[in-house]
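Notes follow once the structure below has been shown.
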Amino acid sequence: MNPERVSGVLLHVTSFPSFGGVGDFGPAAYGFIDFLAAAKQRLWQVLPLSPTGYGSSPYSALSAFAGNPLLISLEFLARDGWITWDRIQSVPGGLPGHEGPCDFEAAFNKKIPLIEEAAANFLDHASSDDRARFRDFCQGNISWLTDYALYSVLRRRFSYRSWSEWPTEFARRSNETLARLMNECARDIAIEQAVQFFFDQQWSALRKHCVERNISILGDVAIFVSYDSADVWTHPEIFELDEDLHPIRVSGVPPDYFSETGQRWGNPLYKWSLLQERGFDWWVARVRRALALYDEIRLDHFRGFEAYWSIPAAERTASNGQWVKAPGEALFNRLKEVFGKLPFIAEDLGLITKEVDELREFFGMPGMRILQFGFADRGGHLYLPHRYVSNTVVYTGTHDNNTTLGWWREDASEAERENVQTYLHPIHHDPDIVWAMIKAAAGSVASTCIFPLQDILLLGSEARMNTPAAAAGNWTWRFNLDSLRPELASTLAALMEMTDRDGYEAPIEGKKAGGPTDDAYLRVREGATR
């Protein structure tokens with residue numbers, strides 16, 4: 001692979017047309033990876049793989065370390081003998097149909113019990129080799145796994161209420177109470193650990209499939225964690241909580257492009273001074289876990305590492321907040337000490353100051369540019385290709401945007417549409433805008449370009465993944481596997497070749513690479529495309 005110029009596709013795992021009503025690590029995922037390889041894509045970007053809470057948002061996770069059980073493939077559990085085929089036929093979206101939007105509630109009610117049944121079977125019947133691998137997994141993840149398992153068991157016991165509403169001895173983690181729970185619920189805790197083992201094994205197998213096809217995985221790390229999470233329950237001391245363990249101030253962003261009143265995310269804020277005193281130990285552990293899951297990491301809301309929007313918890317909107325400095329430089333220096341080169345991409349969208357740019361540039365992190373943002377006015381021109389530098393990741397859109405076709409049809413102003421015509425080329429038919437944007441991104445000097453799969457498939461707003469600040473209706477889109485046609489892969493592959501993103505390394509300097517009569521060139525070219 002040419003490390004200077006690569007291309008990839010943004011698609012969350014839940015969007016696969018998998019058996020069981022929610023996309024998972026099953027056969028459809030492998031078909032998608034094969035499509036990426038045929039299309040000469042070198043990156044697959046996913047959203048956070050964490051277990052989700054209310055709203056099923058991957059950015060509202062129950063743990064920053066655990067994996068989402070819904071992403072485990074029932075088909076592969078049956079293949080491996082941990083559950084019988086007849087037991088999994090009744091799940092939503094079961095055979096023969098795998099299409100339609102995600103049904104998270106039905107999947108949670110029907111799929112999770114079957115995964116836990118498979119985990120129980122594993123505990124009872126696993127071979128000595130499987131047991132050894134399971135023990136190694138538990139030992140290697142001891143810093144978070146036991147606490148997450150305890151949290152999950154208690155969450156179910158107390159009807160999925162927030163941990164702050166549990167009886168005091170559980171909410172405040174009484175040592176005597178937790179020791180008794182470990183003894184009384186040992187089987188349930190072990191099942192939760194086995195479920196995480198299943199997640200790890202299936203994700204590792206899928207990653208191996210990517211490695212074999214020269215595809216890297218770009219994962220997403222959200223800066224904040226949910227209040228109702230194993231993280232806050234386990235480590236309340238590192239968050240801004242009052243004596244009753246309720247948030248004092250919460251996260252969000254001020255009024256912006258997406259919302260006139262800003263976005264009140266509601267995550268508790270970190271006690272950054274305490275974390276810094278402790279050598280940012282929690283963040284070191286979090287990044288270590290992320291690097292065990294992904295090849296590269298997109299840091300969501302990078303702006304918050306320089307300064308974050310702090311909202312009094314009693315406020316109902318994000319309007320009445322204030323910027324508070326964060327020790328981003330100290331944090332990244334510490335992470336660099338531990339991990340060496342930082343494989344981070346900075347999500348630097350929104351209100352970005354000179355200080356944020358300086359922090360990102362000091363650590364050599366590429367920033368993001370979204371083509372859809374470039375046409376509104378002159379201030380948006382920094383999102384257009386003529387303003388890029390090489391150390392940039394360009395997107396046609398992200399999971400928070402409308403699809404490019406949906407934006408063109410429904411969201412773009414008349415001025416934006418005129419500016420698109422001026423900057424790109426005359427758009428005579430609606431789908432033309434999508435390929436014009438894809439070609440502009442691919443042909444730019446940005447070292448990396450990433451396309452949402454919805455844009456590659458020329459889909460409209462019906463395929464939008466998320467509308468920020470919308471309370472419902474997000475994260476449910478799934479594609480039809482038949483839409484990944486060979487001719488579409490060929491079209492993308494040809495574009496990657498023409499824009500030098502196909503991984504081909506040019507012949508050594510001094511050797512003519514002129515044309516089809518150059519036998520040495522042909523041998524190099526043939527070897528690069530096998």
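We did not get these values from a lab; they are worked out from the coordinates using the rules stated. Just so it is clear, the structure is predicted and the values come from calculations on it, not from any experiment. In this analysis, Cβ positions are derived from the backbone assuming ideal geometry, glycine residues included, and neighbour counts consider all displayed protein chains.
The label-point distance for Arg180 and Asn214, in a model that sets each label 7 Å from Cα toward Cβ, rounds to 6.1 nm. Shape class of region 46-157 from the alpha-carbon gyration tensor: oblate, with a/c at 1.5 or above and b/c at least as large as a/b. Cross-link reach is defined here as a Cα-Cα straight distance under 17 Å, omitting same-chain residues fewer than 8 places apart; for Lys341 the aspartates and glutamates meeting it are Glu4, Asp295, Glu296, Glu329, Glu361.
At the listed q of 0.09, 0.10, 0.13 Å⁻¹, the Debye profile of the chain, built from one uniform point per Cα, gives log10 I(q)/I(0) equal to -0.69, -0.86, -1.44. For region 310-387, the square roots of the Cα gyration tensor eigenvalues, ordered a ≥ b ≥ c, give a/c of at least 1.5 with a/b no greater than b/c, which places it in the oblate category.
What residues of region 365-406 lie in the reach of a label at Ser413, counting those whose backbone N is under 12 Å from a point 7 Å from the Cα along Cα→Cβ? In region 365-406, the label zone of Ser413 (backbone N under 12 Å from the point 7 Å along Cα→Cβ) covers 375-380. Per-residue ellipticity at 222 nm computed for the chain from its helices equals -11500 deg cm²/dmol, with DSSP H segments shorter than 4 residues left out and the rest contributing -39,500 (n - 2.57). Distance between the 7 Å Cα→Cβ label points at Leu351 and Ala285: 3.4 nm. Stretching Trp85 away from Asp500 to a fully extended chain increases their span by 144.8 nm, per 0.36 nm per residue minus the current alpha-carbon distance. Under a model in which nothing but the beta-carbon of Lys, Arg (+1) and Asp, Glu (-1) is charged, the chain shows a dipole of about 680 debye around its Cα centre.
Listed by chain and number, the aspartates and glutamates placed with their C-alpha closer than 13 angstrom to that of Lys354 are Glu306; residues fewer than eight positions away on the same chain are left out. Is the C-alpha gyration tensor of region 182-257 telling us rounded, prolate or oblate? Criteria: a/c under 1.5 is rounded; beyond that, a/b larger than b/c is prolate, otherwise oblate. Oblate is the answer for region 182-257, as a/c is 1.5 or above yet b/c matches or exceeds a/b. Taking all Cα pairs closer than 8 Å and separated by 6 or more residues, the relative contact order of the chain comes to 19 percent. A Förster distance of 45 Å, applied to the separation of the beta-carbon atoms of Ser128 and Glu165, puts the FRET efficiency at 0.60. Annotation for Asn109 and Ala330: the two label points, set 7 Å from Cα along the Cα-Cβ direction, are 4.9 nm apart.
Checking the cross-link pairs Lys111/Lys336; Lys111/Lys208; Lys325/Lys439 against a 32 Å limit on the alpha carbon distance flags Lys111/Lys336; Lys325/Lys439 as lying beyond it.
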